[in-house]
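> Dropping a structure here in structure tokens format, bear with me for questions.
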Amino acid sequence: QVQLVESGGGLVQVGGSLRLSCAASEGSLSEYVMGWFRQAPGMEREFVAAISQGGLTTRTADSVKGRFTISRDNAKSTLYLQINTLKPEDTAVYYCAAQKYVYLAASPRQYENWGQGTQVTVSS
């Protein structure tokens, strides 16, 4: 088990940028495939991006490709999501998640460790 804490969310204008962070408050992230998901009000949790344990391989949802970049620093036990050119439809709670078993998994059901989420609100 690993304890995850997200930060970096906030209120941003359309076209702006944010960098979300996800730190391990207990344990190390280096053994885990990490993912970012988001959930808007009344919607299902949606896959955003995933990254391999070593950080060399990533997978990004088509809906955000070119604007969102996932990365990690295992020495700091921290996962990142760089979000550029924000749009109103990016408004959601963003969650980081960790699992050891499925390579670059995109289903929330495949992740067993979750953070509490950080709110991103994009104003137009």
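The values are calculated or read from the model by the stated rules, or taken from the named source; none is laboratory data. What you are looking at is a predicted structure, and each value in this text was computed from that prediction instead of being measured. With ideal geometry, Cβ positions are generated from the backbone for all residues, glycine too; neighbour counts draw on all protein chains shown. Only protein heavy atoms, including side chains, enter the accessible area calculation; ligands, DNA and RNA are left aside. Shrake-Rupley method; radii C 1.70, N 1.55, O 1.52, S 1.80 Å.
> Between Asp73 and Gln110, how high is the FRET efficiency from 1/(1 + (r/R0)^6) when r is the Cβ-Cβ distance and R₀ = 30 Å? Nearest 0.05.
The formula returns an efficiency of 0.80 here.
> Please report the carbon-and-sulfur percent of the accessible area for the chain; probe 1.4 Å, protein heavy atoms only, DNA, RNA and ligands left out.
Its accessible area is 47 percent carbon and sulfur atoms.
> Residues with beta-carbon under 13 Å from that of Thr78, excluding Thr78: net charge, scoring Lys, Arg +1 and Asp, Glu -1?
After counting each charged neighbour, the total is +1.
> Please compute the modelled spin-label separation between Glu44 and Ala61, points set 7 Å along Cα→Cβ, answer in nm with one decimal.
A separation of 1.1 nm, rounded to one decimal place.
> Around Ser52, with a cut-off of 10 angstrom between Cβ atoms, what is the net charge of the other residues, counting Lys and Arg +1 and Asp and Glu -1?
Neighbourhood net charge equals +2.
> So with the 1.4 Å probe, I'd like the accessible area per residue for the range 65-124, rounded to whole Å².
On a per-residue basis, 48 Å².
> While we're here: How big is the range 28-110 by Rg and Dmax over its Cα atoms, in Å?
Cα only, the range 28-110: 12.3, 37 Å (Rg, Dmax).
> If you take every residue apart from Trp114 with its C-beta less than 13 Å away from the C-beta of Trp114, what net charge results, scoring Lys and Arg +1 and Asp and Glu -1?
Combined, the nearby Lys, Arg, Asp and Glu give +1.
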